[in-house]
Amino acid sequence: MGLRSTHRVDAGFNMSSMTDLVFLLLIFFVIVSTLVSPYALPVDLPKSANKTKEKPKVSVRIDAEEHFSVNNAMIEPADLEGVLKDEMSKHAGDQSIVMHVDQSVPTGLTVSVLDIAKRNKWKIILATKPE
């Protein structure tokens, strides 16, 4: 009597779909990693058409002659960090600074203010002209 089945079960595993999935995941992570910049400063760039809901209490202004002022009070560039710490301690809840920088100011001065904000973990909002 022939009780053996003629249908054989294949014990192999097809890896082609698994390699497709790994390849797609690899492409995804490569694309995402190029979009994330770990060395960027956290800067909010508001669009000209939008208005912010809350106004920051601390304002830094750098004019065309490279004079610094905090909340409309003229200061020396060397005293900027100390003055900002004093102003930010007065407004403990709102840890953001709005910067008004003239177009002719060298980028190095703006970056120095951004560096101070990064060290102290403050948010920066760059003010723009409305279109």
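Here, each number is a calculation from the coordinates, and none is a lab measurement. The shown structure was predicted, so the numbers you read here are calculated from the model rather than taken from an experiment. Note: ideal-geometry Cβ built from the backbone for every residue, glycine included; neighbour counts use all protein chains shown.
Table for the structure above
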{"quantity": "Full-stretch length increase - residue 10, residue 27 - with 0.36 nm per residue and alpha-carbon distance subtracted", "calculated": "2.9 nm"}
{"quantity": "Peptide ranges 94-105, 21-32 listed from the most packed, as the mean C-beta count within 10 angstrom indicates", "calculated": "94-105, 21-32"}
{"quantity": "In Hz, Karplus ³J(HN,Hα) per residue of region 100-113 (6.51, -1.76, 1.60; θ = phi - 60°; x = Gly, Pro)", "calculated": "10, 10, 5, 5, 7, 6, x, 4, x, 5, 5, 5, 5, 5"}
{"quantity": "Residues with amide H under 5 Å from that of residue 97, placed H, sequence gap 5 or more", "calculated": "123, 124, 125"}
{"quantity": "Table column - 3J(HN,Hα) (Hz), region 29-35, Karplus curve with 6.51, -1.76, 1.60, x for Gly and Pro", "calculated": "5, 5, 5, 5, 5, 6, 7"}
{"quantity": "Karplus (6.51, -1.76, 1.60) ³J(HN,Hα), θ = phi - 60°, over region 13-28, in Hz, Gly and Pro reported as x", "calculated": "10, 8, 9, 5, 5, 5, 5, 4, 5, 5, 5, 5, 5, 4, 4, 4"}
